[in-house]
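What follows is a set of notes on a single structure, which appears directly below.
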Amino acid sequence: MSRKDGSSFIVSPIESGEGPVVGFIATERNTDALVRSLIRATLQEYQCLVTFGGETPPEGALIARELGATVIDPQSPNLTTNSLRQLLVGTAKANFGEGIILVPLDCEPIDYERSMRTLRSNGNFVTEAIPQSLTATEQQLDVLVAIPAYNEAATIGDVVRETKKPADEVLVVDDGSDDETATVAREAGAEVVVKEQNAGYGAAIRTIFDEAYERNAHILVTLDADGQHDPADIPDLVAGIEKSHAEIAIGSRFVDGGDSDLSLYRLIGLKTINFLTNLSMGVVRPHSRVNDTQSGFRAYSSEAIESITRDETISDGMDASTDLLYHAHDQDYEIVEVGTTISYSVENANNHHSVRHGLTLISNILRTIERKHPILIFGVPGISLTLLGFLFGYWSAVNYVSTETFPVGIAIVVVFSTLVGLLSCFTAIILHSLTIHFDTTMNRSQ
């Protein structure tokens, strides 16, 4: 078949069968690991399905075809990882009888015997591949816990020592601290990355994702350095990823098992920010909402780590937490929330400038709503005002016919409502068109 760039790619024929298959996603970065995994699966007589994203098939997909794997062209260059996985599952259901084992993007060596037992015992058509490292260590996944820190020398030592218990590795990113944060963290047993200048919370988070990707972390957990988060809850977040196969797990104050000693003004502020954040993502149904959008206590899967590492839109400031949720929403990631306790009464807790921080967040969220959902913020009020103007205009006309008096005040309301409403509607249409054009241009450039 021909592609937009002029290249051609012939999809391998699908040979139907009764046995289970192994599904892979080829990327530009996993060629070597993919080829090794394909050879191992073929030697164990498994049929392999391979798909890919992007305009041009990566080298791994071309090699997979030569190795005899069935390679599926997704037809669209804009499919998310979740959509590619669903494509593999759908192909397996249509052509194979016993199910599919989905291999993660890093293509780590797989324990096929255990994966097959899991597939047959759970009664599902789909199962996640079980890495050989899990069999060797009897651990679910390697866990990197990362802590962004700025002038947290008073608390970082205790946080690192408590975090080492459930973590395989602890990383501290010192965001240009003026105190001994880096030294204390190293003495407590963490690996430390020191940034020369304070670049902001979001910049530290981006560094964390870069490090997690380079270290090939299976699960990344982030928490604050001031002791507000309880490291004992880390296994619960990891379990949230493993059991539900979600891409992100959030330690939440507002679900079952969650708690916090929030003051009233903080609670009102957080509820407002949570509502606006969900609104900016177009989420209105209660069961789809993220209840705690501002919790920095989160876990990310390897798929989320890879995609976030490539995202250049994550801001440098404190609103990076919201940007990560926007990324997850755009990628159609599944998010689960796990109850956790977040304490604001701990000594040296970072409570500075909370009002200013909240106002900044709300301002950024409103700009996002304006940019991404112009129909909601301009169109709906515009239609309402226009209808109001027509209703008052009709009432004024009827009143004039029956009483021969002209209500000047009502007439002013009619003119104002109609003009503002129509202007708002036209603004919504223009902004919506620009948004579609911008998204289309960005997708083509990718």
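Specify which of the listed residues (F426, F392) is surrounded by 15 or more Cβ atoms within 10 Å (Cβ to Cβ), aromatic (F, W, Y), at pLDDT 65 or above and in a helix (DSSP H, G or I). Among F426, F392, only F392 is surrounded by 15 or more Cβ atoms within 10 Å (Cβ to Cβ), aromatic (F, W, Y), at pLDDT 65 or above and in a helix (DSSP H, G or I). Summed over segment 165-189, the residues that are buried (at least 24 other Cβ atoms within 10 Å of the Cβ) and closer than 14 Å to L220 by Cβ give a count of 4.
Against the definition (assigned to a loop (DSSP other than H, G, I, E, B) and either farther than 25 Å from T81 by Cα or in contact with a strand residue (DSSP E or B) (Cβ under 6 Å, 6 or more places away or on another chain) (or both)), how does G257 come out, yes or no? Taking the combined requirement at face value, the residue satisfies it.
Restricting attention to segment 110-121, report how many residues are surrounded by 15 or more Cβ atoms within 10 Å (Cβ to Cβ) and either part of a helix (DSSP H, G or I) or among the hydroxyl-bearing types (S, T, Y) (or both). Total meeting the criteria: 6.
Does K243 satisfy the criteria of being without any contact (Cβ under 8 Å) to a residue 12 or more places away in the chain, of a type outside the set (A, V, I, L, M, F, W, C), closer than 22 Å to S321 by Cβ and outside any loop (DSSP other than H, G, I, E, B)? No; evaluated as a whole, the condition is false for this residue.
Note on segment 281-306: residues that are in contact with a His (Cβ under 7 Å, 6 or more places away or on another chain) and either of a type in the set (S, T, Y) or assigned to a helix (DSSP H, G or I) (or both) amount to 1.
Cβ-Cβ distances below 8 Å connect the following pairs, each with a first residue in segment 82-99 that is more than 10 Å from V126 (Cα to Cα), a second residue that is among the β-branched types (V, I, T) and at pLDDT below 90, and a separation of six or more residues or different chains: T91/I14; N95/I14. Taken as a whole, the condition of being in a helix (DSSP H, G or I) and modelled with pLDDT of 80 or more applies to T322.
If you check R186 against the conditions, is it among the basic types (K, R) and in contact (Cβ under 8 Å) with a residue 40 or more places away in the chain? Steps first, please.
Details: among the basic types (K, R): yes; in contact (Cβ under 8 Å) with a residue 40 or more places away in the chain: no.
For R186, the condition - among the basic types (K, R) and in contact (Cβ under 8 Å) with a residue 40 or more places away in the chain - is not met.
The conditions of being assigned to a helix (DSSP H, G or I) and modelled with pLDDT of 80 or more are met by A397. Scanning segment 217-239 for residues that are surrounded by fewer than 24 Cβ atoms within 10 Å (Cβ to Cβ) and not in a loop (DSSP other than H, G, I, E, B) yields P231, A232, D233, P235, D236, V238, A239.
For segment 308-321, the set of residues classified as surrounded by fewer than 21 Cβ atoms within 10 Å (Cβ to Cβ) and polar (S, T, N, Q) consists of T309, T313, S315, listed by residue number. Kindly indicate whether G68 is at pLDDT below 85 and farther than 23 Å from A246 by Cβ. It is false that G68 is at pLDDT below 85 and farther than 23 Å from A246 by Cβ.
Can you name the residue in segment 67-109 that is part of a loop (DSSP other than H, G, I, E, B) and among the β-branched types (V, I, T) and, of all such residues, is surrounded by the most Cβ atoms within 10 Å (Cβ to Cβ)? Ranking the candidates gives V103 first. So, A146, is that one crowded, with 16+ Cβ neighbours inside 10 Å, in a loop (DSSP other than H, G, I, E, B) and of a type outside the set (D, E) or not? When the stated conditions are applied, A146 does not pass them.
Looking at D174, D158, D178 in this structure, which one is assigned by the TED database to the domain that holds E242, in a strand (DSSP E or B) and farther than 16 Å from Y213 by Cα?
On the way: D158 fails: in a strand (DSSP E or B); D178 fails: in a strand (DSSP E or B).
Answer to the selection: D174.
The values are calculated or read from the model by the stated rules, or taken from the named source; none is laboratory data. Worth saying up front: this structure is predicted, and the values here are computed from it rather than measured. Note that each Cβ is placed from the backbone with ideal geometry, even for glycine, and that neighbours are counted across all protein chains shown.
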